[in-house]
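Asker: Here you go, one structure.
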Amino acid sequence: MTATDTHRAIDAVWRIESAKLIAGLTRIVRDVGLAEDLAQDALVAALERWPESGVPDNPGAWLMATAKHRAIDQLRRKTLLDRKHEQLGHELEARQEMAVPDLDAAIDDHVGDDLLRLVFISCHPVLSTEACLALTLRLLGGLTTDEIARAFLVPEPTIAQRIVRAKRTLADARVPFEVPRGEEFAARLSSVLQVIYLIFNEGYSATAGDDWMRPQLCDDALRLGRILVGLVPQEPEAHGLVALMEIQASRTRARVGPSGEPIVLLDQNRARWDQVLIQRGIAALARAGELGGADGPYALQAAIAACHARARTPEETDWVRIASLYDALGRIVPSPVVELNRAVAHGMAYGPAAGLELVDALTSEPALSSYHLLPGARGDLLAKLGRFEEARPEFERAAALTRNLRERELFLERAAGSRR
């Protein structure tokens, strides 16, 4: 194996093992920042040694053992006034002598519980949404600071500061490394699901930049969602979120043209939709229903996506069903954005005049004052009604509001097409 092949193998191992490694170390040292530092030290050691020695048979156990050795070294260098630190040092030193099979157990025995704890600590309510996104991708997604920065189109130092501050905030707040219980579990799980879906959405419809999509972020979110389902298999909304992401991700190849231009849903070549992802999504949606979660917010959105996925042509889309699903979603999680989507669905189901009436009722909504999709939707409905002179300024306003170059071009094309 060449040095290049070894480095590629290390990258792959890190993506697979890093979350388990950081989770296991956090359980031991009770500090997520220190745990990540120790894991990074182990990665550096692997980059130094594996090109010569080769990738070990159990790379995860090797990384865990190396990280524990680093922890022992750090503890030895410090003045251990706290007896708990002394006990931790003795415990780590004793484990240093464990045989390889025992190292396997050390990383595997608590991996599910540890990962779930790490999920909840990465999305803890003491952190801002931006900090949760960055920390989750860093600790659970295995992404580098540079990769996260490029994904969200912000300077690398900004992401680095968010991650450092997030870890400091968790340490200062003495956030316990545990899974919440009772009513707190449901609330905290909702936050976790929201963070994962925000990551997915940023990949699916980039808010800014030159690209319509960032598929790698979609893949990262999907992987996190699948991990979460494995950790909380009885939670219907986790299955609902995975169902939604699977079905939406199935359209990736059809959403972008040869030059990177956006292709809207009704114009997509459905033969390019990934049927494997669709079937996985429909199966996850069915599982959410079996667990009693068919009316959950993510399950309802997944059901809407499934309506599109089942339609072989745009004309076969069951828009009446989609409109009713949006009605239900609006009752459960009322929001201006849901109402806008509901208006569009009603416009497709019952005619553009019906949709326009609902959209016009949202034009004074403060939360949508700078939301580009409101004038975009209004322009589309006006164009369908043949009111092109009214539609054009709506498309132009949508173009001015969006921060995504590809989306801006799409709206400007629609505006040009309205000059009739």
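The values are calculated or read from the model by the stated rules, or taken from the named source; none is laboratory data. Keep in mind it's a predicted model, so treat the numbers as computed, not measured. Here the Cβ is made from the backbone with ideal geometry for all residues, glycine too, and neighbour counts use every protein chain on show. Note: areas computed on protein heavy atoms with side chains; ligands, DNA, RNA excluded. Shrake-Rupley method; radii C 1.70, N 1.55, O 1.52, S 1.80 Å.
Asker: State, as an integer percentage, the relative contact order of the chain based on alpha-carbon contacts under 8 Å between residues 6 or more apart. Present the calculation step by step, with values, prior to reporting the outcome.
Answerer: Numbers: 585 pairs, mean separation 43.0, N = 420.
Answer for the chain is 10 percent.
Asker: Now, a different point. Kindly report, to the nearest 10 Å², the accessible surface of residue 255 as traced by a 1.4 Å probe over protein heavy atoms only.
Answerer: 20 Å²
Asker: Is it possible to state the helix-based mean residue ellipticity at 222 nm for the chain, with each DSSP H run of 4+ residues giving -39500 (n - 2.57), the sum divided by total residues, to the nearest 500 deg cm²/dmol? What is it? Provide the component values of the computation, followed by the final result.
Answerer: Values: 20 runs with 299 residues, N = 420.
After summing the helix terms and dividing by residue count, I get -23500 deg cm²/dmol.
Asker: Still on this structure: Putting +1 on Lys and Arg Cβ atoms and -1 on Asp and Glu Cβ atoms, find which of 9, 374, 120 reaches farthest to the positive end of the dipole of the chain.
Answerer: Comparing the listed Cα positions along the dipole, 374 ranks first.
Asker: Taking the chain as the reference, fit the longest principal axis to its C-alpha atoms, fit the long axis of helix 236-249 to the helix C-alpha atoms, and give the angle between the two in degrees, 0 to 90, nearest 10.
Answerer: Tilt relative to the chain: about 70 degrees.
Asker: Using 0.36 nm per residue, how much length does the chain from residue 191 to residue 388 gain when fully extended, once their Cα-Cα distance is taken away? Write down the numbers at each step before the final one.
Answerer: Values: separation 197, 0.36 × 197 = 70.92 nm, distance 4.23 nm.
Between residue 191 and residue 388, full extension yields 66.7 nm more.
Asker: Okay, next question. Magnitude of the Cβ-charge dipole of the chain, K/R +1 and D/E -1, about the Cα centre, nearest 20 debye? List each step's numbers first, then the result.
Answerer: Values: 50 positive and 59 negative charges, 125 e Å.
Computed about the Cα centre, the dipole is about 600 debye.
Asker: While we're on this one: Where Lys and Arg each count +1 and Asp and Glu each count -1, what net charge lies around residue 33 among other residues with Cβ under 9 Å from its Cβ?
Answerer: Working: positive: 167, 168; negative: 31, 36, 37.
Here the count lands on -1.
Asker: How do 29, 256 rank by accessible surface area computed with a 1.4 Å probe, from largest to smallest? List each step's numbers first, then the result.
Answerer: Values: 29 25, 256 45 Å².
From most exposed to least exposed: 256, 29.
Asker: Once the principal axes of the Cα atoms of the range 142-226 are found, what is the range along each, listed largest first in whole angstroms?
Answerer: 43, 27, 19
Asker: Quick one: which residues, 5+ away or cross-chain, put their amide H under 5 Å from the amide H of residue 154? H built at 1.01 Å from N.
Answerer: none
Asker: Using 7 Å Cα-to-Cβ label points, what is the residue 318/residue 263 separation (nm, one decimal)?
Answerer: Here the answer is 2.6 nm between the modelled labels.
Asker: Here's something else I'd like to know. Using a 1.4 Å probe, what is the accessible area per residue for the chain, in Å²?
Answerer: On the way: 20160 Å² over 420 residues.
Per-residue accessible area for the chain comes out at 48 Å².
Asker: In a solvent-free Debye calculation with one equal scatterer on each Cα, what is log10 I(q)/I(0) for the chain at q = 0.09, 0.12, 0.13 Å⁻¹, listed in the order of the q values?
Answerer: -0.65, -1.04, -1.17
Asker: Which order, highest average first, do 121-129, 205-213 follow once you tally other Cβ atoms within 10 Å for each residue and take the mean per peptide? Walk me through the numbers on the way to the answer.
Answerer: On the way: 121-129: 19.1, 205-213: 16.4.
Taking the mean over residues of other Cβ atoms within 10 Å, the ranking is 121-129, 205-213.
Asker: Between 0 and 90 degrees, rounded to the nearest ten: what's the tilt of helix 405-417 against the longest Cα principal axis of the chain?
Answerer: Around 0 degrees separate the two axes.
Asker: What spacing in nm lies between the two simple spin-label points modelled at residue 12 and residue 113, each 7 Å away from Cα in the Cβ direction?
Answerer: 3.2 nm
Asker: Take each of the peptides 325-332, 235-242, average the number of other beta-carbon atoms within 10 Å over its residues, and list them starting from the highest. Walk me through the intermediate numbers first.
Answerer: Values: 325-332: 17.4, 235-242: 25.6.
So the peptides 325-332, 235-242, ranked by packing, come out 235-242, 325-332.
Asker: Which FRET efficiency, nearest 0.05, do residue 354 and residue 173 yield, Cβ-Cβ r, R0 35 Å? Let's see the in-between values first.
Answerer: Details: r = 50 Å, r/R0 = 1.42.
Efficiency for this residue pair is about 0.10.
Asker: Putting +1 on Lys and Arg Cβ atoms and -1 on Asp and Glu Cβ atoms, find which of 300, 279, 22 reaches farthest to the positive end of the dipole of the chain.
Answerer: 300
Asker: Moving on to the next point. Express in nm, to one decimal, how much length is gained between residue 31 and residue 272 on full extension, taking 0.36 nm for each residue of separation and deducting their alpha carbon distance.
Answerer: Numbers: separation 241, 0.36 × 241 = 86.76 nm, distance 4.58 nm.
Extra length from residue 31 to residue 272 when fully extended: 82.2 nm.
Asker: Kindly list the residues of the range 345-384 that lie in the label zone of residue 412, defined by a backbone N under 20 Å from the point 7 Å along the Cα-to-C-beta vector.
Answerer: It comes to 371-377, 379-380, nothing else.
Asker: Using the Cβ atoms and a cut-off under 14 Å, what net charge is assigned to the surroundings of residue 239, where Lys and Arg are +1 and Asp and Glu are -1? Intermediate values should be presented prior to the final figure.
Answerer: Details: positive: 226, 280, 287; negative: 235, 237, 246, 290, 295.
My count for the surroundings of residue 239 gives -2.
Asker: May I pose another question? For the chain, take the longest principal axis of its alpha carbons; what is the angle in degrees between that and the long axis of helix 111-122, to the nearest 10 within 0 to 90?
Answerer: The angle comes out at about 60 degrees.
Asker: Full-extension gain between residue 361 and residue 226, please, as 0.36 nm times their residue separation minus the C-alpha to C-alpha distance.
Answerer: Numbers: separation 135, 0.36 × 135 = 48.60 nm, distance 3.87 nm.
Extending this stretch completely gives an extra 44.7 nm.
Asker: Got a number for carbon plus sulfur as a percent of the chain's accessible area, 1.4 Å probe?
Answerer: Working: 10240 of 20160 Å².
Exposed carbon and sulfur together represent 51 percent of the surface.
Asker: How high is the relative contact order of the range 258-412, in percent, counting Cα pairs under 8 Å that sit 6 or more residues apart? Each step should come with its number before you reach the end.
Answerer: Details: 162 pairs, mean separation 23.9, N = 155.
Reported as a whole number, the value is 15 percent.
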